[in-house]
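Below is one structure, written out as structure tokens; the observations come after it.
The values are calculated or read from the model by the stated rules, or taken from the named source; none is laboratory data. Worth saying up front: this structure is predicted, and the values here are computed from it rather than measured. Here the Cβ positions follow ideal geometry from the backbone for every residue, glycine too, while neighbour counts run over all protein chains shown.
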Amino acid sequence: MQQKEKEILNLIKLKNEEITKLKKELNEIRTLSITEEEREKEKIQREKTFNGLSAKEWAMLSRSVWNDVSSARKEKHISHGATFPQKLAERVIEMYSKENDLVFDPFVGTGTTLFAADKLKRNSIGIELNEEFIDYINQEKNNKQFQIIKGDCLDKIKKICNESIQLTFTSPPYANLLLKVQDDRTNRHKHSKIVEDNNSSAKPYSKDIKDFGNMSLEDYSKNVLKLMKKIYLKTKPGGYNIWVVKDFRDSQNNIPYIDLHSLIANLGEKAGFKYHDLIIWDQNEQRSLILLGYPSVFYVNQNHSYLVVLRK
């Protein structure tokens, strides 16, 4: 009798093991089926969207404050003085364009926008006044498919076809702000991460009178408006025009705050664009906090920049 019971128990055990195995196989099949369904769903979503993103990617990229796009500058960027990380350019390009779209940068500098666009299989054109920066780009260009135009962006933009640009992405010269930034990083932020770890510096781009970085704020504003109007003509309906800017102070002239991002947005609106969005690029982890106005007047540290998002 005991032997019979053992046989029955062993049989039950085997059956349970078979059932467990069958359940596992069934779950695997269901998982594969769900994965295939998700893939098909994502494929349909990507085909619907103007930028080729899935709904999940769309949601993940919709944060209004970014603190994860800073990266160390390469040695070549020291000569430029105000480069932005390629990670920043890549994220913007992913969000506001799709493969084979045309991306434009009127102040291309050392080419960050162009290299990011090429990596993401976008076409791109950049204009640069400073031949030194063009040399840097050409040294690294290899077989990358983008176009660089040397000269004044207000003039050379005429070479671009009307309504051909999907995305303009640029970090413009800030009137004569770099002179102030140079003083700031030399005398107050010289031991911050943005200077030491990121190899970041700040100095004027050139001595050319056509350089936006050598203009008074009044002349700068007039020329930015001219450029915005030209970019508007070259932008596709529904296309985007995004400028990375930082507000600043002009203590030498007793101006506590210059709201540059609002100025850029207003000039864009005057040119015909809609003020579409505002993204904050948080750089607090790269800069040390310092005492400003202590002990008589309280100021906050301006450890962030803005992405002014304009749309046609």
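Results, tabulated for the structure shown:
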{"quantity": "Those residues of segment 274-288 which are under 21 Å from Ile258 (Cβ atoms) and of a type outside the set (Asp, Glu), in sequence order", "calculated": "Tyr275, Leu278, Ile279, Ile280, Trp281, Gln283, Asn284, Arg287"}
{"quantity": "Whichever residue in segment 57-78 is touching a helix residue (DSSP H, G or I) at 6+ places or on another chain (Cβ under 7 Å) and at pLDDT 75 or above and, among such residues, is surrounded by the most Cβ atoms within 10 Å (Cβ to Cβ)", "calculated": "Ser70"}
{"quantity": "Qualifying residue in segment 81-101 (condition: surrounded by 22 or more Cβ atoms within 10 Å (Cβ to Cβ), in contact (Cβ under 8 Å) with a residue 60 or more places away in the chain and over 26 Å from Lys246 (Cα atoms))", "calculated": "yes"}
{"quantity": "Only one of Phe169, Phe133 that is assigned by TED's automatic domain parsing to the domain that holds Asp105, at pLDDT below 95, of a type outside the set (A, V, I, L, M) and within 21 Å of the chain's Cα centre (by Cα)", "calculated": "Phe133"}
{"quantity": "Single condition Gly238 does not satisfy, out of (1) under 25 Å from Thr83 (Cβ atoms); (2) at pLDDT 90 or above; (3) loosely packed, with under 14 Cβ neighbours inside 10 Å", "calculated": "(1)"}
{"quantity": "Qualifying residue in segment 83-98 (condition: over 24 Å from Leu233 (Cα atoms) and either among the polar types (S, T, N, Q) or at pLDDT below 65 (or both))", "calculated": "yes"}
{"quantity": "Single match in Leu233, Leu217, Leu227 (criterion: at pLDDT 80 or above, touching a Cys at 6+ places or on another chain (Cβ under 8 Å) and of a type outside the set (D, E, K, R))", "calculated": "Leu227"}
{"quantity": "Restricting segment 242-276 to residues that are closer than 19 Å to Lys222 by Cβ and of a type in the set (Asp, Glu), the residue that is farthest from the chain's Cα centre (by Cα)", "calculated": "Asp250"}
{"quantity": "Qualifying residue in segment 249-262 (condition: closer than 25 Å to Glu90 by Cβ and among the basic types (Lys, Arg))", "calculated": "no"}
{"quantity": "Odd one out for Ile19, checked against (1) at pLDDT 75 or above; (2) surrounded by 10 or more Cβ atoms within 10 Å (Cβ to Cβ); (3) farther than 24 Å from Leu278 by Cβ", "calculated": "(1)"}
{"quantity": "Residue count, segment 110-139 (criterion: farther than 15 Å from Lys156 by Cβ and not in a helix (DSSP H, G or I))", "calculated": "6"}
{"quantity": "Residue match in segment 277-288 (condition: closer than 21 Å to Pro173 by Cβ and more than 21 Å from the chain's Cα centre (by Cα))", "calculated": "no"}
{"quantity": "Within segment 126-146, tally of residues that are crowded, with 16+ Cβ neighbours inside 10 Å and in contact with a strand residue (DSSP E or B) (Cβ under 7 Å, 6 or more places away or on another chain)", "calculated": "6"}
{"quantity": "Strands (runs of 3 or more DSSP E) contained in segment 224-302 and holding at least 1 residues free of Cβ contacts under 8 Å to residues at least 12 places away in the same chain and aliphatic (A, V, I, L, M)", "calculated": "255-258"}
